[in-house]
Amino acid sequence: MIRLESSDGRLFAVDQESAYMSSLLKNIDQDLGTDINPILLHNVTGTILARVIEYCVHHRDDVRLDKDVEDLLQDDNQVEAWDRQFMNVDDSTMLQILYAADYLGVEPLVDLGCMFIACIIRDMPVDEIRLRYGVVEDFTDAQRQQMQLEANLLK
């Protein structure tokens with residue numbers, strides 16, 4: 001068992017196979033052994049870490065197929081019902097799960113999170129995406145004009 005401590009002090013015990021879905025945890029365990037007990041994860045709250053662990057436990061026996069995200073976006077049947085339910089959360093939670101998965105190096109969860117966000121914003125106008133995700137537009141007028149010229153050239 002690998003013991004983890006979240007940024008808010010919650011403790012978790014995770015079996016090695018599930019923990020090794022995280023490249024960060026795998027590297028720490030292989031490099032330093034279980035002497036680091038628990039492994040302190042400053043960037044992940046207990047609530048989000050519990051969700052990431054839930055994902056890793058569910059998918060620990062999966063064979064990783066290198067599917068193109070575009071293929072997955074085209075065919076919704078490629079995504080398991082469990083994964084759909086797992087990602088059926090509010091935007092803030094989804095982004096926190098994605099940040100944690102990226103920090104921990106859980107690539108299948110990063111891919112899943114990115115795919116879900118891509119599906120959400122696929123047909124959304126740019127202004128709506130900015131508003132929904134708090135993206136500040138800080139381009140100058142000259143930069144905006146240059147981007148518009150380049151976009152027109154691509155058409």
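The values are calculated or read from the model by the stated rules, or taken from the named source; none is laboratory data. Everything quoted here is computed from the prediction, not taken from an experiment. FYI the Cβ positions are ideal-geometry reconstructions off the backbone, even for glycines, and counts take in every protein chain you see. Ligands, DNA and RNA are stripped out before the accessible areas are found, and what is left, the full protein with its side chains, is counted by its heavy atoms. Shrake-Rupley method; radii C 1.70, N 1.55, O 1.52, S 1.80 Å.
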Check: Measuring from label point to label point, each 7 Å out along Cα→Cβ, what is the Thr47 to Ala13 span in nm?
Finding: 2.6
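If a/c stays under 1.5 just call it rounded; otherwise compare a/b with b/c (prolate if a/b is bigger, oblate if not). Do that for the stretch 1-60, with a ≥ b ≥ c from the square roots of the Cα gyration tensor eigenvalues. Display every interim value, and only then the final one.
On the way: a/c = 1.78, a/b = 1.08, b/c = 1.64.
It is oblate, given that a/c is not under 1.5 and a/b is not larger than b/c.
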Check: Taking a probe of 1.4 angstrom, what is the accessible area of Phe12 in Å², to the nearest 10?
Finding: 30
Check: Given the Cα-Cα distance of Asp111 and Val135 and 0.36 nm per residue of separation, how much length would full extension add, in nm?
Finding: 6.5 nm
Margin query: Can you compute the FRET efficiency between Asn37 and Tyr99 using 1/(1 + (r/R0)^6), with r the Cβ-Cβ distance and R0 = 35 Å? Round to the nearest 0.05.
Written below: 0.90
Note to self: Given the options Gly134, Val79, Ala19, identify the residue whose Cα lies farthest towards the positive end of the charge dipole of the chain (+1 on Cβ of Lys, Arg; -1 on Cβ of Asp, Glu).
What the structure shows: Gly134
Item checked: Among Gln143, Gln16, Gln85: highest mean-square fluctuation, GNM of the chain, C-alpha pairs under 10 Å -> Gln143
Item checked: FRET E, pair Asp91, Leu149, Förster distance 25 Å, beta-carbon r, rounded to 0.05 -> 0.15
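Work the Kirkwood hydrodynamic radius out for the chain: mean of 1/r over every pair of different alpha-carbon atoms, inverted, in Å. Present the calculation step by step, with values, prior to reporting the outcome.
Values: mean 1/r = 0.0565 Å⁻¹.
About 17.7 Å for the chain.
For the chain, what is the accessible area per residue in Å², given a 1.4 Å probe and the full set of protein chains? Kindly include the intermediate steps, with their values, before the conclusion.
Values: 9960 Å² over 155 residues.
Spelled out: the 1.4 Å probe surface of the chain, per residue, equals 64 Å².
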